[in-house]
Structures are given as structure tokens and as C-alpha cells.
Amino acid sequence: MNYFITLTLNGLASGAAYAALALSLVIIYQATRLVNFAQPALALLSVYTAYTVTQLTGSYWLGFAAALTTGLLVGAFVERVIVRPIARTSQLNAIIVTLGLLLVVQGAVGMIWGNEQHGFRYAFSYVGRFSPADVFSLVAVGVVALLLFGLYRFTPLGLRMRAAAFHPEAARLSGVKVGLMLTAGWGIASLIGALAGMLAGPPFISPNVFDVVFVFGITAAVVGGLDNPFGAVIGGLLIGLGMSYVSGFVGPELATLTALAIVVIVLSVRPDGILSRPTARKV
Amino acid sequence: MNAQTLPGAAGNGASPDAEPILAVENLSASYGAVRALDNVSLAVPAQGLCAVLGANGAGKTTLLRTLTGLHRASSGRVLLEGEDITRLPTEKVITRGLAHVPEGGGVIVELTVEENLRLGGLWRSDRRSSTTFDEVMDLFPPLVERRTKTASTLSGGERQMLAIGRALMGRPRVLLLDEPSLGLAPLVTKQIFTLLRDLRDRIGLTVVLVEQNAAGALSVTEHGYVLNQGSVAAEGPSDGLLADDRTRHAYLGF
Ligand SMILES: Nc1ncnc2c1ncn2[C@@H]1O[C@H](COP(=O)(O)OP(=O)(O)OP(=O)(O)O)[C@@H](O)[C@H]1O
Ligand SMILES: [Mg+2]
């Protein structure tokens with residue numbers, strides 16, 4: 001029983017990072033119908049920035065703040081300068097460009113910081129079966145999800161962003177600057193992606209550190225329905241839990257397969273994801 | 001209609017009402033090689049009720065979309081209260097006081113009724129915004145009880161009310177409506193037309209009403225334009241158009 005609780009807590013903690021990454025994908029998908037394959041690259045830039053800042057200042061939290069800021073700014077920049085002009089020609093081109101961006105950024109990070117692993121510390125101690133670092137992961141993602149919910153649901157900016165995502169033309173006819181809302185959405189999404197990176201990065205970072213995490217993040221997003229932020233969070237936690245149980249009770253070598261199994265099972269029962277509302281989209 | 005009666009002539013002692021609040025001068029627009037609007041000119045007086053009629057594909061929707069910048073004009077000008085708004089982006093046009101209820105209403109079904117309405121007034125930063133909300137709610141009793149429901153639960157008539165309500169939240173000077181009667185029962189259509197007239201009388205709104213329902217639209221408006229293949233084929237006082245058999249048979253089909 002004790003063991004089960006340990007596995008549950010560990011699963012939730014690693015699931016928190018997948019949930020954050022899934023959230024960052026869903027925010028962008030919701031607004032632009034585009035899967036942002038560059039998300040791990042933006043997280044990578046953010047985390048390496050944090051690494052450098054922490055090295056220079058000795059402060060983890062300055063590095064943390066730098067990571068989130070980098071995510072916000074680079075996400076906004078990528079939308080405005082790279083993705084938007086291309087999305088105007090075709091949506092598919094834009095998706096391919098995000099994929100290309102991933103490779104370019106990974107290469108550039110390797111050139112700047114080197115391809116070898118760097119030690120990267122946790123926010124808090126990671127010793128213990130439900131360590132302070134684990135608690136921090138869960139709390140941080142929980143707080144971000146709540147803030148995001150509050151932003152979307154209760155603020156004028158959130159209302160504008162939702163309107164721009166659901167019905168750009170109607171938003172424009174209500175005086176909303178739709179382009180600006182897209183940029184804001186990418187910025188916020190990439191900030192959350194940077195948080196995911198800060199949680200999933202330690203103890204070592206390298207240019208490919210997020211490849212596997214990204215697979216789980218995208219899996220979580222699909223499980224959650226791709227355009228449902230709540231679904232993304234639940235999907236992330238579900239995958240974290242599933243992998244933790246399977247590797248604890250069956251064996252770690254099957255953990256990755258678990259993620260695949262969860263997708264197959266969820267999508268065969270609910271093709272549009274756990275929480276999707278397929279009817280609302282038709283109109 | 002010709003250019004001489006448009007602004008420029010207004011300066012010499014004429015009453016302020018002589019200058020149209022919305023003037024369209026030789027406006028043209030295309031979709032690729034298809035010319036959907038060809039040298040269209042209109043003049044809508046302040047607080048006027050104006051109908052734009054025409055068969056399917058005549059260019060009515062394109063006209064409204066070009067007025068609010070959703071579609072690019074290839075030539076010509078749009079003047080709102082004498083100011084050139086032809087090249088302004090849509091979100092700027094709206095803040096100048098020109099509101100547009102698009103074909104089908106453009107209600108955002110994922111948002112609640114209240115959110116749809118609030119959205120329409122967000123760009124106004126003034127304190128009166130909440131008064132406007134209550135005023136709009138008063139106009140449409142069916143929306144009050146559905147305030148917290150998503151707009152997807154509304155009937156066609158209620159959606160059209162919500163769409164008009166959202167446009168009114170921005171306190172526009174001029175309201176463009178694209179076939180508000182589409183798919184509505186005659187009684188509901190009549191209510192909406194009556195409401196437009198009331199709004200003009202009470203708050204001085206200027207209305208441009210695009211309709212297939214020519215008889216209904218002409219009976220509520222004062223002036224009408226008939227579009228045919230992107231050009232103005234006929235225009236005049238609404239009762240005149242209604243009585244003119246030739247125009248009715250040729251373009252209005254009744
Ligand atoms: N997006 C588009 N791409 C290409 N051609 C278009 C497009 N929209 C409209 N058209 C063409 O432009 C012309 C005018 O269309 P428009 O929609 O303005 O007509 P309408 O008067 O509003 O018709 P309806 O009464 O059916 O709504 C038509 O010939 C139409 O086929
Ligand atoms: Mg039309």
C-alpha cells in the first residue's frame with residue numbers, strides 16, 4: 001500500500017511536467033489549429049538560458065525567472081516573425097516550419113553550449129519518496145493551470161483570446177486585435193513550455209533532453225483532446241501515473257509502451273479525447 | 001446617385017444632415033478574377049434606415065465586408081462621418097462607430113451569452129460599459145434568462161438577437177446587418193425589423209439592412225438600393241421601389 005502511494009505521488013510529479021508541456025501545445029492548437037513541434041526547442045532555449053543565468057549569478061531562482069521570460073519572449077517572437085507569415089500561405093507549411101525550427105534550435109544550442117550534458121539542479125531537494133522537488137512540480141503546474149483558467153475565464157484579455165481562437169472574424173468585428181492575441185497566446189504557451197522544461201530538465205540537460213518528454217507531452221495533449229486545456233492536464237497526469245505504476249509493478253522497460261497503450265485505449269473509447277465536446281466544434 | 005451630391009457639397013450652408021454619415025464612392029472589389037462589386041456608390045444619411053437588396057450572388061455580403069475591412073477594396077472609397085476608412089483594419093473601423101452583424105450573426109457558440117455581449121463592448125474603456133450591458137439586456141428579454149448558457153444553446157432568432165446585441169455593445173453610430181431574417185420565422189423577422197426602427201428613433205442609430213426578403217426590408221426602411229451583379233441597378237425611396245413593378249419583377253422576384 002505504501003508502495004502504491006509512492007508510485008502514485010511520483011507518477012503525479014512526473015505527470016505534472018507532461019501536463020505543462022501538453023498545456024503549451026493545446027493553447028497554441030486551440031488558437032491556430034497548429035501543433036507546435038518547436039515547443040521543446042523553445043523550452044530548450046529557456047532552460048539553457050536559465051543554466052547560464054544561474055551560473056553567472058549563483059541564483060537558481062533568477063535562472064528560473066529568466067527561463068520563463070525567455071519562453072514568453074521567444075514564443076511571441078516565433079509566432080510574429082516566423083509562423084504568421086508562413087501560416088498565411090498554408091497551415092501545413094507552418095507546421096513543417098515548426099518542425100524545422102526544432103532541428104535548427106537544437107543544433108544552435110549544441111553549437112553555443114556544447115552537445116555534452118550539463119548538470120542542472122532541481123528547484124528543491126529531490127531526496128525522499130515524495131521529495132520537495134516533486135511537491136514543487138505539482139504545485140507549480142497546479143498554480144499555472146489555475147492562473148491560466150482565471151486568465152481565460154475572468155479577464156478581458158482572456159475573453160479576447162478565446163474569441164480570437166474560436167472565431168477570428170467575429171472577434172475582429174468586436175474590435176479585437178486578433179493578431180496580437182495570437183502572439184500573446186504563443187508567448188503564454190511557451191512560458192508554460194519553459195516551466196515544463198525547468199521541471200523535466202534536471203538532473204542533466206543536453207540538446208536532446210526534451211525529445212522523450214515531448215513525446216509524452218504530445219501524447220498527453222492528444223489524450224486530452226488537443227483543444228481542451230483541462231484534458232491536457234488530466235492527460236499529462238494520467239500518463240505520469242500509468243508509467244509510474246507500470247514501471248513499479250511490472251518493470252521500467254515497459255513504461256514507454258504504457259504511454260502508447262493509454263493513447264490507444266482512450267482514443268478507441270473517446271476518439272476526440274477524454275474531455276472533448278465534439279458537437280460544439282461543428283458550427 | 002453621383003459624386004457631386006457627396007461630401008464637398010456639404011460645406012456651403014447646407015444643414016449638417018445633408019452630409020451622409022456613411023458614403024460609399026465608386027467602390028469595387030474582387031475575388032481573384034471575379035469582380036463582385038463594380039463601382040458601387042451609396043449615401044446613407046444620419047439616422048436613416050437603408051435597405052440593400054438583390055438576388056443571390058449580387059454582391060450584398062461583399063459590399064458589407066468591404067465596408068468593414070474584412071475584404072479589400074480594389075478601388076473607391078468609404079467615408080464614415082467624412083473620414084476615409086477604406087484601408088483601416090476591421091478592428092479600427094469598429095472603434096470608429098461602424099458595427100457589422102455578419103451573415104448568420106457570427107455569434108461565438110463556445111462563449112456564453114454574457115461573454116458574447118461583453119466582448120462587443122470590450123474595446124470601449126469608458127465606465128458606461130455596464131450601463132450599455134443592462135440596456136442591451138432590456139432590449140432582448142429572451143437573452144436574460146440564458147445569460148450564463150453557451151450561445152450554442154440559443155435558437156436562430158435568439159442568436160440573431162445576441163448578434164445585434166453584441167454589435168450594440170460598442171454603441172455604434174451605424175449598424176450594418178447582413179440578412180438578419182435568414183432562417184427566421186416571419187414573426188421573429190418582423191420583431192427584429194421593428195426593433196431596428198425603434199433603435200433609430202430612440203438612440204439615433206443609422207441602419208443599413210441587407211436582405212433577400214425585399215418586401216419586408218422595403219416596408220421598414222426609407223431608402224433602398226438594388227444590387228445586380230455587383231452594380232447598383234436601382235435606387236430610391238423604399239415605397240417607390242416597392243411600387244415599381246419593373247424593378248420588382250426584374251431584381252426582387254416578387
Ligand atoms: N470567398 C469567395 N471567393 C470567391 N468568390 C466569391 C467569394 N464570396 C463571394 N464570391 C462571389 O462574389 C459574388 C458576390 O457574392 P456575395 O456573397 O457578395 O453575394 P450576396 O449578394 O451576399 O449573395 P447571397 O444573397 O446569396 O448572400 C458572387 O458571384 C460570389 O460567387
Ligand atoms: Mg450574402
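The values are calculated or read from the model by the stated rules, or taken from the named source; none is laboratory data. None of the values given here were measured: they were computed from a predicted structure. In this analysis, Cβ positions are derived from the backbone assuming ideal geometry, glycine residues included, and neighbour counts consider all displayed protein chains.
Okay, here's what the table says:
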{"read-out": "Enumeration of residues in the stretch B:56-93 that are surrounded by 18 or more Cβ atoms within 10 Å (Cβ to Cβ), within 13 Å of ligand 2 (Cβ to nearest atom) and not hydroxyl-bearing (Ser, Thr, Tyr)", "value": "B:ALA58, B:GLY59, B:LYS60, B:LEU63, B:LEU64, B:ARG65, B:LEU70, B:HIS71"}
{"read-out": "Residue list for the stretch A:112-134, filter: within 17 Å of A:SER59 (Cα to Cα) and surrounded by 14 or more Cβ atoms within 10 Å (Cβ to Cβ)", "value": "A:HIS118, A:PHE120, A:ARG121, A:TYR122, A:ALA123, A:PHE124, A:ALA133"}
{"read-out": "Residue match in the stretch B:51-65 (condition: part of a loop (DSSP other than H, G, I, E, B) and facing another protein chain (nearest Cβ under 9 Å))", "value": "no"}
{"read-out": "Residues being buried (at least 24 other Cβ atoms within 10 Å of the Cβ), of a type in the set (S, T, N, Q) and either within 11 Å of chain B (Cβ to nearest Cβ) or over 23 Å from A:SER46 (Cβ atoms) (or both) - total across the stretch A:136-194", "value": "1"}
{"read-out": "Any strands (runs of 3 or more DSSP E) falling wholly within the stretch B:171-232 and containing at least 3 residues that are closer than 30 Å to B:SER125 by Cβ and within 12 Å of ligand 1 (Cβ to nearest atom)", "value": "none"}
{"read-out": "Residue in the stretch A:154-161 that is modelled with pLDDT of 95 or more, in a loop (DSSP other than H, G, I, E, B) and either in contact with a Phe, Trp or Tyr (Cβ under 7 Å, 6 or more places away or on another chain) or at negative phi (or both) present", "value": "no"}
{"read-out": "Count of residues meeting criterion [more than 14 Å from B:LEU111 (Cα to Cα) and in a helix (DSSP H, G or I)] in the stretch B:137-161", "value": "11"}
{"read-out": "Evaluation of A:VAL212 against (1) surrounded by fewer than 24 Cβ atoms within 10 Å (Cβ to Cβ); (2) assigned to a helix (DSSP H, G or I); (3) within 14 Å of chain B (Cβ to nearest Cβ) (one fails), failing number", "value": "(3)"}
{"read-out": "Criterion: surrounded by fewer than 18 Cβ atoms within 10 Å (Cβ to Cβ), within 15 Å of A:ALA171 (Cα to Cα), within 14 Å of chain A (Cβ to nearest Cβ) and touching a residue at least 40 places away in the same chain (Cβ under 8 Å) - qualifying residue of B:GLY104, B:GLY121", "value": "B:GLY104"}
{"read-out": "Test: residue in the stretch B:27-41 that is away from ligand 1 (no atom under 16 Å from the Cβ) and touching a residue at least 40 places away in the same chain (Cβ under 8 Å)", "value": "yes"}
{"read-out": "Members of the stretch B:36-50 found to be more than 16 Å from ligand 2 (Cβ to nearest atom) and either under 20 Å from B:ALA215 (Cα atoms) or assigned to a strand (DSSP E or B) (or both), listed by number", "value": "B:ASP38, B:ASN39, B:SER41, B:LEU42, B:ALA43, B:VAL44, B:GLY48, B:LEU49, B:CYS50"}
{"read-out": "Sole residue being more than 12 Å from the chain's Cα centre (by Cα), assigned to a strand (DSSP E or B), of a type in the set (Gly, Ala, Ser) and within 16 Å of ligand 1 (Cβ to nearest atom), chosen from B:GLY69, B:GLY76, B:GLY104", "value": "B:GLY76"}
